[in-house]
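The values are calculated or read from the model by the stated rules, or taken from the named source; none is laboratory data. Quantities reported herein were computed from a predicted structural model and do not represent experimental measurements. All Cβ positions, glycine included, derive from the backbone under ideal geometry; neighbour counts span all protein chains shown. Side chains are part of the model used for accessible areas, which takes the heavy atoms of the whole protein and leaves out ligands, DNA and RNA. Shrake-Rupley method; radii C 1.70, N 1.55, O 1.52, S 1.80 Å.
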Amino acid sequence: MEEAPVYKRVLLKLSGEAFAGEQDFGIDPRFLEYISLEIKSLVEAGVQTAIVIGGGNIFRGIEGLEIGIDRATGDYMGMLATVINALALQSALERIAQIPTRVLSAIEMRQVAEPYIRRRAIRHLEKGRVVIFAAGTGNPFFSTDTAGALRAIEIGADLLIKATKVDGIYTDDPLKNPKAEFIQEIAYLEAINRGLRVMDYTAMTLCKENRLPILVLNIKKPGNLLRAVMGERVGSLVR
Ligand code: UDP
C-alpha cells in the first residue's frame, strides 16, 4: 500500500516573483510548466491543494506611489495582477498537468473567474479540483501573504506552505550573508520578535492565533512539495 500524506489539505503561497522565473518581469513559461507538475504530484498523492498567488512580477501597490498613483488604487492594480497570474497558472495546470482547476477571485469579475465563496472553495477541493485564490484578500493595504494565511484558515487547511527561493528560514538573508544560519523549527512569536521575515506580521499573527503551521520551503527544488506533504523534513516550520 502506498504511504498516505501527512497533510490532507494544504494552501500553497506562491509569490509573483517566482512566476517571473529567471526574468525580472512577467511570466516565465518554464516556471509555469515546472510548478504545474510539482502541484500535480500533490494532487496525485491525494492532497487537497489550494493556491494563493502574488502579483509582484507585474505590479505592487507601493510602486504606484512613485508614479503618482495613490496607495489604494495601486493596491487594486496589484490585486488585478494576481488575477493575471492565476489565469496563467490555471491554464498551465489544465493543459500541462491535466488537473481541473478553478480560479476564485476576491474581487468579482464573473466573466473571468468565480467569485470567492468559502463553501464553494471547499466543495471544489473535496471534488479534487485545485483552487486558485486570486485578487488577494480583496482589500487594499493587505498582502497576498495575508491572503494566504486568511484563506488557509477559512478552508481549514492543515498547513500553509510558503514557497521561497531559499531552503527555509535563516537568521539573515543566505543569498547575501554566507554566515546566515538555517532554522529548522521556530515558534511564531520568536520568529516575529526576531524580525525573521517569514511572512508579514499580519499573516504571521493570523497563523499564530489560529494555530496554523507555516512551512517555508525552497520551491525550486523538484520534489520538495511532495516530500513536505509526505512528512519528510523539508524547509523550516513555524508553529
Ligand atoms: N494586494 C492588496 N491586497 C491584498 C493582496 C495584495 O492590496 O489582499 C496588492 C498589493 O498592492 C501588493 C500586490 O497586490 O503589492 C501584489 O501582491 P504581493 O505584493 O503580496 O505579491 P508577491 O509579493 O507575493 O508577489
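Numbers at a glance
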| item | result |
| --- | --- |
| Check on ASP70, open to solvent by 10 Å² or more (accessible area, probe 1.4 Å) and under 18 Å from PHE19 (Cβ atoms) | no |
| Residue match in segment 118-125 (condition: touching a Lys or Arg at 6+ places or on another chain (Cβ under 7 Å) and closer than 27 Å to GLN98 by Cβ) | yes |
| Qualifying position, being assigned to a helix (DSSP H, G or I), closer than 24 Å to LYS221 by Cβ and of a type in the set (A, V, I, L, M), among LEU11, LEU80, LEU93 | LEU93 |
| Exclusive hit being surrounded by 14 or more Cβ atoms within 10 Å (Cβ to Cβ), without any contact (Cβ under 8 Å) to a residue 24 or more places away in the chain and not basic (Lys, Arg), set ILE169, ILE192, ILE183 | ILE192 |
| Conditions (1) open to solvent by 50 Å² or more (accessible area, probe 1.4 Å); (2) away from the ligand (no atom under 16 Å from the Cβ); number of the one not met by ARG197 | (2) |
| Matching entry among GLU17, GLU38, GLU33 (being more than 15 Å from ARG95 (Cα to Cα) and surrounded by fewer than 22 Cβ atoms within 10 Å (Cβ to Cβ)) | GLU17 |
| ALA81 vs. criteria aliphatic (A, V, I, L, M) and away from the ligand (no atom under 12 Å from the Cβ) | no |
| Residues within segment 112-157 that are away from the ligand (no atom under 15 Å from the Cβ), in a loop (DSSP other than H, G, I, E, B) and open to solvent by 60 Å² or more (accessible area, probe 1.4 Å), tallied | 3 |
| Subset of segment 34-75 (residues that are outside any helix (DSSP H, G or I) and acidic (Asp, Glu)) | ASP70 |
